[in-house]
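Everything below concerns the one structure shown next.
The values are calculated or read from the model by the stated rules, or taken from the named source; none is laboratory data. Being a predicted model, the structure only gives us computed values, none of them experimental. Reconstructed Cβ throughout: ideal geometry from the backbone, glycine too, with neighbour counts over all protein chains shown. Protein only, heavy atoms only, side chains kept; ligands, DNA and RNA dropped before computing areas. Shrake-Rupley method; radii C 1.70, N 1.55, O 1.52, S 1.80 Å.
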Amino acid sequence: MSGTHQVARPLVRSLRQAATTSATCQSRPIVAAIRQFSSTPSRSDETTTTTPAASDAQKLAADATVLGKKKASEITVIKQGSEEELAKLLSPELGSRRRRAAIATTGDIPFEQLPYQCFQEARKVLAQDREEKISKIKAELARIKRIEQTDASTYRGGEEFKQKRLESLRKHVEELKIQADINDPMVKRRFEDGHGDMNKPIYRYLAENKWRSMDYKIINQRITQFNIVPDILPKFDPTMDVKMTFRGYKAPPGAILDSLITEGPPNLRMQVFNSGERLLSVVVMDSDVPNPETDSYGRRLHFMVTNIPWSPTSISLNLHRLNSKATPESPQGPFPEDGTLAIPWLPPTAQKGSPYHRLSVFILEHNKNQPLPLDRLKQTYAKRDGFSLKSFRDKFDLNPVGFTLFRSVWDEHTAEVMARHGIPGADVEFKQPRVQSLKPPRKARGWEAKRQKPKYKSLWKYSKRIKGLKY
């Protein structure tokens, strides 16, 4: 026997004992098979299986039923495989692999009752802090009630001072509500799992912080990059999250989309971060419509929906359904929550040779929740051309709160889309005009220019290729 085998024999024996011990251990519900050492190579298609005891199989099936939502009869044996195969037993909604493993090892124990001493002591400290915040909230609410019952004439500033004072106290109460729950692990867990109640200020606060950490910066970058300010509005700062999809395709802000995809209106996922019901309007406009007569660019309205009821718990706005179901007799369609269709969707198109067109999607909030008159909107913006968002905002007392955009260029499907919807201009091609130089003709100079006289005729054969000389 070689020296290598003599050294490896005790190691192999100890590993086999450890494998046997771990296979019978009941501390973990999921036991992966350990491949034994052998002197011959194993086949690639050979699979080693380990069949746990009856109690282990029942416990494993119960955990898999809870975590992976699978039938208990399907899980009796755990096969050796990769992490991807093992992850199929667990629900991907539970988060990271470490978290799924922790939930699998703790069985059916609730999250707030995990048997970790440090965790439970920390929860006691957080509960005590929450009680202090709740007592402050009760004191502030009693103070607000007392001020509401006090006559405004007792204040030096009168009714105006009283309302400002009440508004300040209510804002402070909302901040205390956030501070009372911001350190609660159960709150953070629900928010990470997407089960938070957006009617509560703590979940709106966490959602706004998450949005401002990245998506808000991207939108602000696109507003600056594509000159939305000042081309469309003199100033604008979005305060709500807006995401756009075309036929299931998630369109990032500023993406160039195919004309077949944008033939129908998008669906919007919008999230507001302040409480209460409100009315919204959605406007889609093209700010790069070429005008050959004036050698400039104009604007065109492509879509308008108004009087959309919205709240923090609202999620999706199906504009495609509204555009297809609404009729002139019933502009709301069968779904009043989608709003009222004022101007139907016009597919965005770009003529051949023209630069990309910026299609801006603006969300505008109605001040004092006043609905807009539908007949007046149709009469004013039926022509679509020459639309001004600033004029629309000032005329109907609206406040822009959300924004996203996409771009459109000439592609292989544009002519087909324009013909299908009766849009003229498919045969028009724009070209850059040739700009003539305003500089005078350049005089000949240098050694060759000095020797162009008949005296140096014998040297002309060496200067015939000089650029700018004529013979």
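Key figures
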| item | result |
| --- | --- |
| Contact order relative to length of the stretch 345-471, as percent, for alpha carbon pairs under 8 angstrom and 6 or more apart | 35 |
| Amide H within-cut-off set for H302, under 5 Å, with H built and near neighbours excluded | V284, M285, D286 |
| Label-to-label distance, nm, for residues given as S324 and R445 (7 Å Cα→Cβ offset) | 7.1 |
| Probe 1.4 Å, all protein chains present, accessible-area order of H195, H302, H413, H421, largest first | H195, H421, H413, H302 |
| Estimated FRET transfer efficiency (F236, N369; beta-carbon r; R0 25 Å; 0.05) | 0.70 |
| Greater than 25 Å apart at Cα, pairs in K368/K390; K162/K368; K188/K235; K138/K162 | K188/K235 |
| All aspartates and glutamates inside 18 Å of K164 as judged from Cα atoms, apart from same-chain residues fewer than 8 positions distant | E140, E148, D151, E174, E175 |
| Portion, in percent, of the accessible area of the stretch 210-299 that falls on carbon or sulfur, probe 1.4 Å | 51 |
| Sites E416 and M186, calculated FRET efficiency, Cβ-Cβ separation with R0 56 Å, nearest 0.05 | 0.55 |
| Charged-residue dipole, Cβ positions (Lys, Arg, Asp, Glu), the stretch 339-471 about Cα centre, Debye nearest 20 | 2440 |
| Placed amide H near D411: partners under 5 Å, 5+ positions off or other chain | none |
| Net charge over other residues, Cβ less than 11 angstrom from the Cβ of G157 (K, R count +1; D, E count -1) | +2 |
| Stretch gain in nm, segment N199-K383, where the contour uses 0.36 nm per residue and the Cα spacing is subtracted | 62.2 nm |
| Eligible aspartates and glutamates near K217 by straight Cα distance, threshold 14 Å, same-chain separation 8 or greater | E208, D237, D241 |
| Members of K378/K431; K243/K325; K171/K395 lying beyond 29 Å, as alpha-carbon distances in this model show | K378/K431; K171/K395 |
| Charge sum, other residues only, whose C-beta stays under 15 Å from N399's C-beta, Lys/Arg counted +1 and Asp/Glu -1 | +2 |
| Extended-chain gain in nm, criterion 0.36 nm per residue less alpha-carbon gap, Q128 and V428 | 100.7 nm |
| Chain lengthening between D108 and R13 when straightened (0.36 nm per residue, less Cα-Cα) | 30.5 nm |
| Surface share of carbon and sulfur [accessible, 1.4 angstrom probe, percent] for the stretch 130-201 | 47 |
| Fraction of the pair-distance distribution of the stretch 197-329 above 17 Å, Cα-Cα pairs, percent | 68 |
| Selected from T414, S354, A342, residue furthest toward positive end of dipole (the stretch 335-457; charges at beta carbon) | S354 |
| The stretch 115-256, Cα convex hull volume normalised per residue, Å³ | 193 |
| Carbon/sulfur fraction of accessible area - the stretch 392-461, other protein chains in place, 1.4 Å, % | 53 |
| By accessible area with a 1.4 Å probe, ligands and nucleic acids excluded, highest first: order of K325, K431, K210 | K431, K210, K325 |
| Kirkwood Rh in Å, taken over all unlike Cα pairs in the stretch 172-251 | 15.0 |
| Using θ = phi - 60° and Karplus 6.51 cos²θ - 1.76 cosθ + 1.60, couplings along the stretch 247-252 (whole Hz; Gly, Pro as x) | 6, x, 8, 7, 9, x |
